[in-house]
Amino acid sequence: MKKRYQIDQQRAVQQFRRLATERNPNVQMILPMADIVGLLQEGVGNLLRHAGLELMHLVMDEEVKSLAGERHQQHEQRRAHRWGKEDGYCVVDGQKVPIKRTRLRSGDHREQRLGSYELFQRDGPLQQGVWDKMMRGLSTCNYGAVVKDFQSAYGIEKSAVSENFIEASREKVKQLMERPLGELRLCAVLIDGTPFKDRQIIAALGIGCDGRKTVLGIREGATENTAVVSSLLSELVERGLDFSTPRLYILDGGKALHAAVRRHAGEAAFIQRCQVHKKRNVVDHLPDEHKGDVRRKLQNAYAMADYADAKRALDRLHRELMDLNPSAARSLEEGMEETLTVHKLRVPDQLRRTLSCTNVIESAFSIVETVCRNVKRWRTGDQIERWVGSGLLVAERQFRKVIGHRQIPMLLSSMANAVSKKPIAKGVAVA
């Protein structure tokens, strides 16, 4: 429920806009040439900033005249009386700049707000400016020294900047978590987690049928468990994502991710386990003298285009590892078939390399790490979610179409043919 002062603010802004559209008065600004030359000594930007402040005063004066009439003159339609001036501020380029405003009182002696002044004070641009600059690596400690353009500007101290960033990042994450997904046509979804402090952030990223990437959502949990992943997928369902559509799901190999995807998508899910994670897991079991050879054989097997050839190469390597290191052999055997899903679907070479691993989402996580490099102390609450969500939005700005996107129609056709040969399992969870 809105408070009284918020209602008064909205009414004042609406009244100011009616003045601008219905009466459309002219506002004329005159600056002596000598003053212009003086301001230009410090650059054109300095002239524009001071001219902007002068223009704001003129706009407010025009609104005051429309409400209270000219000074010392009769005004039959007078709706308010001048009541002196007081100190205020306006937001310019993410800074609060002192400004004088005329106070008005209505007939019942209530404060009459100026719509123009309310617009000049909007903190949306201020918060957006803070968010954008901090996403580019500017810290709260250095913010004021870097962005301060007006000598009298304030509101750019460390604490004020931090408060504005919290509000801005909270709003950004809210928009990310609520944007509808029903119109997206996705051929693949990547789900992976990244650790922050003692928490795990699970993120879902979609690849559209046109090759474009979209951040779908995030969820914070203590571990990468089934409940957390299911909660994330249920949220995607509520926002319109259809899990009955045949789609490739690229996972890092965790059993929790596999179980959650199967629960929501059933047989419509073609699960591709990350080949990079599989190679890393197998090689980590081996002594240093054998790592290079086994890594090379794994790479050669996964580079093969034909499923049968790749499967034979992996089976041969599995037999070798049983003699060399049974633990490494068991690691290779676990989930081996799911690492070859893109081979079974006969995905063309370029697109197969893109969809055979979680590198696409790992790349987004690397941008998150860069964005978060100035955070020295992680706290409780929504701090981790705000920073990771903001970092993923920054990454989304830099997304390009995936390599091999022109081959996506072949992937869609292969999945459709595979699904047509067996009915989609009934009873798939949608919430």
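How much of the calculated P(r) for region 241-351 lies past 17 Å, in percent of all Cα pairs? Before the final figure, lay out the partial values.
On the way: 3356 of 6105 pairs.
Result for the distance tail: 55 percent.
Separation of region 71-118 and region 242-256, taken as the distance between their Cα centroids, equals 59 angstrom. Multiplying the residue separation of Leu412 and Asp349 by 0.36 nm and subtracting their alpha-carbon distance yields 21.2 nm. Taking 1.002 mPa s as the viscosity and 20 °C as the temperature, the Stokes-Einstein diffusion coefficient of region 197-246 based on its alpha-carbon Kirkwood radius rounds to 180 µm²/s.
Counting only Cα atoms, region 4-121 measures 49, 32, 28 Å along its principal axes, largest extent leading.
Taking the Cβ-Cβ separation of Arg239 and Leu40 as r and a Förster radius of 45 Å, what is the calculated FRET efficiency to the nearest 0.05?
Values: r = 53 Å, r/R0 = 1.17.
My answer for the efficiency is 0.30.
Treating each Cα of region 181-420 as an identical point scatterer and ignoring solvent, apply the Debye formula and state log10 I(q)/I(0) at q = 0.08, 0.09, 0.16 Å⁻¹. Debye intensities relative to I(0), on a log10 scale: -0.31, -0.40, -1.19.
Expressed to the nearest 5 percent, the antiparallel share of DSSP beta bridges inside region 181-420 is 65 percent.
Listed by chain and number, the aspartates and glutamates placed with their C-alpha closer than 20 angstrom to that of Lys344 are Asp252, Glu267, Asp306, Asp309, Asp315, Glu333, Glu334; residues fewer than eight positions away on the same chain are left out.
In the chain, helical runs assigned H by DSSP with n ≥ 4 each contribute -39500 (n - 2.57); averaged across all residues and rounded to the nearest 500, the mean residue ellipticity at 222 nm is -16000 deg cm²/dmol. For the chain, the alpha-carbon coordinates run over 101, 48, 39 Å along the three principal axes, in decreasing order. What fraction of the Cα pairs in region 154-297, stated in percent, has a spacing above 24 angstrom? Tail of P(r) above 24 Å: 44 percent of Cα pairs. Put a dot 7 Å past the Cα of Ala51, heading toward its Cβ, do the same for Arg373, and the two dots end up 3.9 nm apart.
Listed by chain and number, the lysines whose alpha-carbon sits under 16 Å from that of Lys172, ignoring those within fewer than 8 places in the same chain, are Lys133.
Computed from point charges on the beta carbon alone (+1 for Lys and Arg, -1 for Asp and Glu), the dipole magnitude for the chain about its Cα centre is near 580 Debye.
Comparing His258, His290, His318 in a Gaussian network model of the chain, where Cα atoms under 10 Å apart are tied by springs, the biggest mean-square fluctuation is seen for His290.
May I ask what percent, to the nearest 5, of DSSP beta bridges between residues of the chain are antiparallel?
Details: 32 of 41 bridges.
Roughly 80 percent of the DSSP beta bridges within the chain come out antiparallel.
Between the helical axis of 124-135 and the longest alpha-carbon principal axis of the chain there is an angle of about 40 degrees.
Bear in mind that the values in this text are calculations on the coordinates, not laboratory data. The structure presented is a predicted model; accordingly, all values stated were derived computationally and were not measured. Note that each Cβ is placed from the backbone with ideal geometry, even for glycine, and that neighbours are counted across all protein chains shown.
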